[in-house]
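Visitor: For reference, the structure I am asking about is given below.
The values are calculated or read from the model by the stated rules, or taken from the named source; none is laboratory data. These numbers come from a predicted model, not from an experiment. Here the Cβ positions follow ideal geometry from the backbone for every residue, glycine too, while neighbour counts run over all protein chains shown. In case anyone asks, the SASA skips ligands and DNA or RNA and just uses the protein heavy atoms, side chains included. Shrake-Rupley method; radii C 1.70, N 1.55, O 1.52, S 1.80 Å.
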Amino acid sequence: MLQPPHSSLQVAAVPAQRGPARDQDAPWHTEAVCRRDEAGLFFAPSKEPTAARLSREEAAKRVCARCPVMVECREHALLQPEPYGVWGGLTAAERRVVLARRRRRDMELKKAARPARIAQAG
Ligand code: SF4
């Protein structure tokens, strides 16, 4: 797992996993707005009440919305996948939805391609 740009701002809910140091030199990483932004927005403190979480996540998303590397950050978080925190303007739950949609789309594409292969073979 790549250490997020905002990792210096991480709090309790984030596990102590760290990615290889070379990942931290990813080009997009240096452009991250959250490297210099408000502390504590991107990861949940332990036992955070729901209303506080929603408010914090919305604030983090506003930071992401003005980040020049939002697309790269989001794709990174989806590909890893990063299990915690706001990355690329998406919460962990939102990323799970995107991944589920991608898996479903991939399965449908495979199914759609199958009859064509069978027809070619016959
Ligand atoms: S998109 Fe958000 S989480 Fe990702 S680098 Fe930018 S500010 Fe940080």
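Visitor: How would you rank 44-52, 75-83, highest first, on the average number of other Cβ atoms within 10 Å across their residues?
Guide: Highest-to-lowest ranking by the protection proxy: 75-83, 44-52.
Visitor: What is the calculated FRET efficiency for Arg62 to Ala100, with r their C-beta to C-beta distance and R₀ = 30 Å, to the nearest 0.05?
Guide: Using R0 = 30 Å, I get an efficiency of 0.70.
Visitor: Of Thr91, Thr30, which has the most accessible area with a 1.4 Å probe, and how do the rest follow in descending order?
Guide: I get Thr30, Thr91, largest accessible area first.
Visitor: Once both labels are modelled 7 Å past Cα along the beta-carbon direction, what's the Thr30-Met107 spacing in nm?
Guide: 4.3 nm
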